[in-house]
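See structure below.
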Amino acid sequence: MKLSFSARRRMFRLLHHGLYHVAVPVLSRTGPVEPAFRRIYRSIAKEPSFTADLPYPLEVDGLELWYDRERPSFTVRGLAMGTYERSTIALLRSSLERGMNVVDVGAHIGYHTLVCAELVGPQGCVWSFEPDPDNRRLLAQNIAANGCGGCARVVPQAAGATCATSTLFRFQSDTGSSSVFERKGRLIDALPTDVTTLDRWGEGEGWPPVDLVKMDIEGSEVAALAGMAELSRRNPSMKLIVELNPEALEAAGESPQGLLEAIATAGFPSVSLIDDDQLQPMSNASDVLNVIRRARWEPVNLFCRR
């Protein structure tokens, strides 16, 4: 008997919670066999049978989300199952107010953009950077479908350390993995893409005040942070949410430690792990190593302040 979607959703959430909060803390301390356990975990956490026949479009948090049915991403599967970045969304809801401005770097199909747009309202603005043309089409569709066109603007570029033309690699398995760095996975194509800096973007927009920058750009985070020195200087109360994805960083020739150094250099010495609706400060070397180890199982988000 085929289980209903709601039943599969409940099972997936229980499995995800058990793996991430019980199994991972134990298995991440198993020494040389940890990588093998990590591969098993990833295969179970992304088991496609749980996420077959997803609703189309998705209805999440009162939002209507259209996505690529041929390549439903890890993000889409997590949204459908109710497991995707709930702690980060809770932080956004507690941090953003009407009239604030947000820069969403790596917007994908727009889930974070839409949440932020609802929170800042028509008095504020969300600028959404998305270089992948297919994702960008869905991003624009989702902005329009949810009535956020008055405060959400699409920026059709990647963010980096310098302005240039680069190559965007797009992968069969996940529309959320498009990157200017090639890594393991079956490519569907590689497209030319424009790269700008957040400083050049800010100058072109007349230096609008920016309250929050959210950054999830598959290994380009270090470069993008290097390209926002002036934007950071002009916005002393600005905060960051940055994804820590060791696999993507290493494909870019970077490291998790290098990302943390880049965050500090950009003017954000206070860094916390966003976890279970609370912030866990990374105040010493042991905290940093534990967060990096955890991120190798599943990428994590960091909240960065002055």
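What follows draws every value from the coordinates through simple rules; no lab data is involved. Note that the structure is a prediction, hence the values are computed from the model and not measured. Every residue, glycine among them, receives a Cβ derived from its backbone with ideal geometry; neighbour counts consider all protein chains shown.
General remarks:
- 3J(HN,Hα) along the range 215-221, derived from phi through the Karplus expression 6.51 cos²θ - 1.76 cosθ + 1.60 where θ = phi - 60°, amounts to 9, 9, 9, 6, x, 8, 4 Hz, with x in place of Gly and Pro.
- DSSP loop GluC sites (Glu not before Pro) with at most 16 other Cβ within 10 Å: longest gap in the chain: 206-306
- Working from Cα pairs under 8 Å separated by at least six residues, relative contact order for the range 81-305 is 18 percent.
- Other-chain or far-sequence residues with amide H under 5 Å of Ala152's (modelled H): Val126
- Of the trypsin sites (Lys or Arg not before Pro) in the range 172-255, those whose Cβ has at most 10 other Cβ within 10 Å and which sit in DSSP loop: Lys184, Arg186
- Here is the list for the range 73-149: trypsin sites (Lys or Arg not before Pro) lying in DSSP coil, each with at most 10 other C-beta atoms within 10 angstrom of its C-beta, are Arg98.
- Karplus 3J(HN,Hα) series, Hz, for the range 286-299 with 6.51 cos²θ - 1.76 cosθ + 1.60 (x for Gly, Pro): 5, 4, 4, 5, 5, 5, 5, 4, 5, 5, 6, 7, 7, x
- Interchain or long-range residues, amide H under 5 Å from Asn301's placed H: Leu244, Ile274
- 3J(HN,Hα) from dihedral phi, the range 193-204, Karplus parametrisation 6.51/-1.76/1.60, rounded to Hz, x for glycine, proline: 8, 7, 10, 10, 9, 5, 5, 5, 4, x, 4, x
- Amide proton proximity set for Val60, modelled H, under 5 Å, gap of 5+: Leu65
- Total charge dipole magnitude, the chain, about the Cα centre, Cβ charges on Lys, Arg, Asp, Glu only, Debye to nearest 20: 820
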